[in-house]
Amino acid sequence: MRRSLHAIGLAALVLSFATPALSAELKPIKRVEPQYPAEAARAGTQGFVEVEFTVDDGGNVANVSVVNAKPARVFEQSAVKAVKQWQFAPGGGRGKVRLDFAL
């Protein structure tokens, strides 16, 4: 059990992100990293999630949709939950990002 928790901790440390493809007017203020799902870490599963999102005039993420994910139904929930917590400078716009989950 202790070894599993250690592996999860290490997985969280090496969680990597691609730079978001943001519209010119989107300026990030706060970025929350997704949690590596414990079951995926235990199984040694790696993958990615690509999401598109819209930002309202106040700088809050209003909508998040998964565009692509490998493997399916493993990392999407964690990715969407994290992106919904991101904040941007007021103004609104659209963005797309790929979140890589690697051990």
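I'd like the full set of residues that are touching a residue at least 40 places away in the same chain (Cβ under 8 Å) and of a type outside the set (Gly, Ala, Ser), limited to the range 46-58.
Kept after step one, since they are touching a residue at least 40 places away in the same chain (Cβ under 8 Å), are these residues of the range 46-58: 46-55.
Residues satisfying the conditions are GLN46, PHE48, VAL49, GLU50, VAL51, GLU52, PHE53, THR54, VAL55.
Tell me yes or no: at least one residue of the range 39-51 is surrounded by fewer than 14 Cβ atoms within 10 Å (Cβ to Cβ) and of a type in the set (Lys, Arg). Show your work before the answer.
As a first pass, look at the range 39-51 and keep what is surrounded by fewer than 14 Cβ atoms within 10 Å (Cβ to Cβ): 39, 43-44.
Now narrow it down to the ones that are of a type in the set (Lys, Arg): none.
Among the residues of the range 39-51, not one is surrounded by fewer than 14 Cβ atoms within 10 Å (Cβ to Cβ) and of a type in the set (Lys, Arg), which makes the answer no.
Give me the residue from the range 59-76 that is of a type outside the set (A, V, I, L, M, F, W, C) and without any contact (Cβ under 8 Å) to a residue 12 or more places away in the chain and, out of that set, surrounded by the fewest Cβ atoms within 10 Å (Cβ to Cβ). Before the answer, list the steps.
Going residue by residue through the range 59-76, those that are of a type outside the set (A, V, I, L, M, F, W, C) are 59-60, 63, 65, 68, 70-71, 73, 76.
Retained after the next criterion (residues that are without any contact (Cβ under 8 Å) to a residue 12 or more places away in the chain): 63, 73.
Numbers: ASN63: 12, ARG73: 8.
Here the answer is ARG73.
Just for the range 46-78: of the residues that are under 14 Å from PRO34 (Cα atoms), part of a loop (DSSP other than H, G, I, E, B) and not polar (S, T, N, Q), which one is farthest from the chain's Cα centre (by Cα)?
Ranking the candidates gives VAL74 first.
Against the conditions (1) closer than 22 Å to GLU25 by Cβ; (2) assigned to a strand (DSSP E or B); (3) of a type in the set (D, E, K, R), where does ASP100 fall short? Just the number, please.
The single condition ASP100 does not satisfy is (1).
Read the figures in this text as sums done on the coordinates, not as results from a lab. This structure is a prediction, so every number in the text was calculated from the model and none was measured. Counting neighbours? That spans all protein chains shown, and the Cβs are built from the backbone with ideal geometry, glycine included.
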